[in-house]
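Encoded as structure tokens, the structure appears first; notes follow it.
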Amino acid sequence: MKTVTLLIVIALLALAACATTPNAPVTAPAAAPANTQAQTAPSAAALVQGETVNVRIKDFKFIPDTLNVKTGTTVIWTNEDSARHTVTSDSGTELDSELLALGGSYSHTFNEAGDFAYHCTPHPSMRAKVIIE
Ligand code: CO
């Protein structure tokens, strides 16, 4: 009887070893992609919260030409035209970019509420505004 019990125990141990060995490589790669997704999710959520907002400069227009955002928001303007543009406050110095070439960008964080009208220095007809609430 003892021999039979021993054989059963050995058989069970062998089964357990066989069962865990193939499972380990399967679960390990599955965990890695899950971690990668978890790391990218928070940054995507941060953008959704509106802390950073993008304005496109395209076809001699600011898109959107009126932007309503909350205090503390960072706005990033990116020029998609081959022509150079600026982001320049109509009055004051809140917005004062260099000439932006194609692909160039300018960012500014608005820390106070108010209406901030701006234009493009080489093209005064390009007008837009940011409303900070
Ligand atoms: Co312009």
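The values are calculated or read from the model by the stated rules, or taken from the named source; none is laboratory data. Not measured: the values here are computed from a predicted model. All Cβ positions, glycine included, derive from the backbone under ideal geometry; neighbour counts span all protein chains shown.
Quick look at the numbers
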{"quantity": "Qualifying positions in segment 81-93 - surrounded by 13 or more Cβ atoms within 10 Å (Cβ to Cβ) and within 12 Å of the ligand (Cβ to nearest atom)", "calculated": "81, 83, 84, 85, 86, 87, 88"}
{"quantity": "Wholly enclosed strands (runs of 3 or more DSSP E) of segment 14-133 bearing at least 1 residues on the phi < 0 side of the Ramachandran plot, at pLDDT 50 or above and among the basic types (Lys, Arg)", "calculated": "52-58, 61-63, 127-132"}
{"quantity": "Where residue 73 falls short, out of the listed (1) in contact with a Leu (Cβ under 6 Å, 6 or more places away or on another chain); (2) away from the ligand (no atom under 12 Å from the Cβ); (3) of a type in the set (Ser, Thr, Tyr)", "calculated": "(1)"}
{"quantity": "Selected residue (only one of 96, 115 is away from the ligand (no atom under 11 Å from the Cβ), surrounded by fewer than 14 Cβ atoms within 10 Å (Cβ to Cβ) and among the acidic types (Asp, Glu))", "calculated": "115"}
